[in-house]
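Q: Have a look at the structure that comes next, please.
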2 protein chains.
Amino acid sequence: MIKTNAYAALSATSALQPFELERRSPRSDDVLIEIAYCGICHSDIHTARGEWGPTLYPFVPGHEIVGRVLAVGKKVKRFKMGDLVGVGCFVDSCGKCPSCKSHEEQFCLDHTVFTYNSVELDGKTPTYGGYSTHITVRDKYVLKIKKGLPLERIAPLLCAGITTYSPLKRYGTKKGKKVGVIGLGGLGHMAVKIARAMGAEVTVFSTSAEKEPDAKKLGAKKFVLTTNPENFSSHRGKLDLIIDTVSANHDLSPYLGTLKIAGLHVLVGVPPKPSEVEAMDLIYGRKHLAGSLIGGIKETQEMLDFCARKKVFADIELISATGINEAYERTIKGQVKYRFVIDAKTFLP
Amino acid sequence: MIKTNAYAALSATSALQPFELERRSPRSDDVLIEIAYCGICHSDIHTARGEWGPTLYPFVPGHEIVGRVLAVGKKVKRFKMGDLVGVGCFVDSCGKCPSCKSHEEQFCLDHTVFTYNSVELDGKTPTYGGYSTHITVRDKYVLKIKKGLPLERIAPLLCAGITTYSPLKRYGTKKGKKVGVIGLGGLGHMAVKIARAMGAEVTVFSTSAEKEPDAKKLGAKKFVLTTNPENFSSHRGKLDLIIDTVSANHDLSPYLGTLKIAGLHVLVGVPPKPSEVEAMDLIYGRKHLAGSLIGGIKETQEMLDFCARKKVFADIELISATGINEAYERTIKGQVKYRFVIDAKTFLP
């Protein structure tokens, strides 16, 4: 077993604090990773606070993990010591069901083992996330990362990157297409960068006027301040696709109105209450409202390779482990441009 | 001008009554049609009663029209006297916009001229529907109907048929696919027949236990009585596509649960209030909620040809003009199997 320093929440109301855990020694198909950086995702906070159903405490968050291979099991051929690697939102699945066979392990019909707040395939061993110095993961669920790139800015791609890349890619984003992005936070800023890198024209929708210069700098051509309903009028029927990253409740109707015929509005944020949808907003113009959840391993690798090729990385603020609790408060208030990333060396005592 | 006997509502609260109007003499690209039959669509009732926004009175309903060509304009090549023809929900459009050019005239970006409660492209002449003896329509908006088929049972295909055919076809219904149909009324019974004719396995969802034998007779393999939530449990994750024909408010969540990963729930009915949609019901399994509105002329012709080939016709109750008001009451109560069709001869005094 590998002694590992981490940060954990011990209950829904306690701050995160230093914690020790043990990672398994690599089995024949495992990769032992020394974590270099781990991003702070809004999901970490929801789960730490027990806001998304039951949380298993002690709870170690973190599913935007990058690091270096320390050791590999004897059957592992894809990785060797020193390789740069990433781990995203899940670390195992059955591998046999139709979802796994079609490379959508996040929808495993048997058991997706999520990186935290989950149990291993044995049905009992809890999983602990990347706010820690080491992690052991089955080789098939480990991603390759190219050398010579800003590693700390790659960490957020493992969740924010794939969450936005997957629907952008699936629904045909390319030159000539017009993409709307609702919300300019961790997910939103990645959606803007990736949509631009794919060649689309991007319109950012935000409740904050002060985000306009940033939106433009990130690559958006247009900016709609959504607090005034009249601002939507000149955008009616213009967009092919909307990536909706907002996890506060918001009226979907004006956004559906900005879609072209057959356009698609994809939810990747989870508002606390259900959204009201007018049937006529979908029927007239035969529009689509959909959801999307991260992406499979194959697609995540494709995204990492795409981002490496296009030099698309997250804009981040690098912090130490002792700054996690303050970072949580600032993330909740939207006071980060655009992702906190923890330097994993600082988990050491 | 052609003197035409019809039935009209003179106000939102008056019963339909005999009415006289004039149809234009055929222009060079017009077809003058002697109407044989006209279906009663629930939309007729909503519009007659002013329930769907402003209605122009006097209002002559009817957009499920079949008849025979009486005369054609001198440039008309596709039709000749005596041909069997149909007219659906619209009778003209700009013909030049991207929607028209891609054969979706129902979404004309300039002006779709609907068959009733609309104005012609001149912006002022009101349109009157098919509860009448004659209608004059531009040749491009007239459908061909094959001879030797039960004409009165074809009338409802012009709205109920194309409304269900279009999403079934678009979203890949064929052998090996599993299709759910919510509601077994005018639209629902067509959805079952067409999905079966395309080769799919059909599951009917209904609030009425007594509809089960009928659902099976129409071709459904499975029947789910939706009044008991437990009845959904054995159907989770089974369906590729749902056609939702219900125009009363209903909880979408259990239906979204019956979809496979990437499955699609298509609304063709318009409930009076917005539907509540849980983001997680779409995100987990990356499901889609969409709408669909009738179909373009090209697709409507394709549907008529498909139904002729497959011998798919509506189940109807043939009535006289004097029975329209009673038929309206029975349609609202769902007491028709499954479509009232008016014999247009009975509009004559």
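The values are calculated or read from the model by the stated rules, or taken from the named source; none is laboratory data. Model, not experiment: these values are computed from the prediction. Cβ atoms come from the backbone with ideal geometry, glycine included; neighbour counts cover every protein chain shown.
Q: Kindly indicate whether any position in region A:70-77 is farther than 20 Å from A:HIS134 by Cα, under 24 Å from the mean Cα position of the chain (by Cα) and at pLDDT 95 or above.
A: Scanning region A:70-77 turns up no residue that is farther than 20 Å from A:HIS134 by Cα, under 24 Å from the mean Cα position of the chain (by Cα) and at pLDDT 95 or above.
Q: Any residue in region A:116-137 that is in contact (Cβ under 8 Å) with a residue 12 or more places away in the chain, within 14 Å of chain B (Cβ to nearest Cβ), under 22 Å from A:GLY39 (Cα atoms) and among the polar types (S, T, N, Q)?
A: No, that holds for no residue.
Q: If you don't mind, another one. Is it the case that A:LYS287 is facing chain B (nearest Cβ under 9 Å), of a type in the set (Lys, Arg), in contact with a helix residue (DSSP H, G or I) (Cβ under 6 Å, 6 or more places away or on another chain) and at negative phi?
A: yes
Q: Related question: Out of A:GLY296, A:GLY323, which single residue is within 14 Å of chain B (Cβ to nearest Cβ) and buried (at least 17 other Cβ atoms within 10 Å of the Cβ)?
A: None of the others qualify; the one that does is A:GLY296.
Q: Looking at (1) within 12 Å of another protein chain (Cβ to nearest Cβ); (2) out of contact with any Cys (no Cβ under 8 Å at 6 or more places or on another chain); (3) buried (at least 24 other Cβ atoms within 10 Å of the Cβ), find the lone condition where A:VAL91 falls short.
A: Going through (1) within 12 Å of another protein chain (Cβ to nearest Cβ); (2) out of contact with any Cys (no Cβ under 8 Å at 6 or more places or on another chain); (3) buried (at least 24 other Cβ atoms within 10 Å of the Cβ) one by one, A:VAL91 breaks only (1).
Q: So which strands (runs of 3 or more DSSP E) are wholly in region B:273-349 and hold at least 1 residues that are farther than 26 Å from B:THR258 by Cα?
A: B:316-319, B:339-343
Q: Report, ordered by the first and then the second residue, all pairs with beta carbons closer than 6 Å, sequence separation of six or more or different chains, a first member in region A:43-54 that is at negative phi, and a second member that is buried (at least 17 other Cβ atoms within 10 Å of the Cβ) and in a helix (DSSP H, G or I).
A: Within 6 Å, the pairs are A:ILE45/A:TYR328; A:TRP52/A:HIS46.
Q: Quick one: which residue in B:ALA36, B:ALA15 is surrounded by 14 or more Cβ atoms within 10 Å (Cβ to Cβ) and either of a type outside the set (A, V, I, L, M, F, W, C) or closer than 20 Å to B:PHE340 by Cβ (or both)?
A: B:ALA36
Q: Restricting the first residue to region B:100-115 and requiring it to be farther than 15 Å from A:GLY237 by Cα and more than 12 Å from every other protein chain (Cβ to nearest Cβ), which pairs with a second residue that is β-branched (Val, Ile, Thr) and in a loop (DSSP other than H, G, I, E, B) meet a Cβ separation below 8 Å and a spacing of at least six or different chains?
A: That search, which allows pairs on different chains as well, returns B:VAL113/B:THR127; B:PHE114/B:THR127; B:THR115/B:THR127.
Q: Go through the residues of region A:256-268 one by one and say whether even a single one is within 8 Å of chain B (Cβ to nearest Cβ), assigned to a loop (DSSP other than H, G, I, E, B), within 28 Å of A:THR331 (Cα to Cα) and touching a Ser or Thr at 6+ places or on another chain (Cβ under 7 Å).
A: Yes, the conditions are met somewhere in region A:256-268.
Q: For B:LYS80, only one of the following conditions fails: (1) within 14 Å of chain A (Cβ to nearest Cβ); (2) assigned to a loop (DSSP other than H, G, I, E, B). What is its number?
A: Against the list (1) within 14 Å of chain A (Cβ to nearest Cβ); (2) assigned to a loop (DSSP other than H, G, I, E, B), B:LYS80 comes up short only on (1).
Q: Go through (1) of a type outside the set (Phe, Trp, Tyr); (2) at the interface with chain B (Cβ under 7 Å from one of its Cβ atoms); (3) surrounded by 23 or more Cβ atoms within 10 Å (Cβ to Cβ) one by one and return the number of the condition A:ALA279 breaks.
A: (3)
Q: Would it be correct to say that A:THR245 is in contact with a strand residue (DSSP E or B) (Cβ under 7 Å, 6 or more places away or on another chain), away from chain B (no Cβ under 14 Å) and in contact (Cβ under 8 Å) with a residue 24 or more places away in the chain?
A: Criteria not met by A:THR245.
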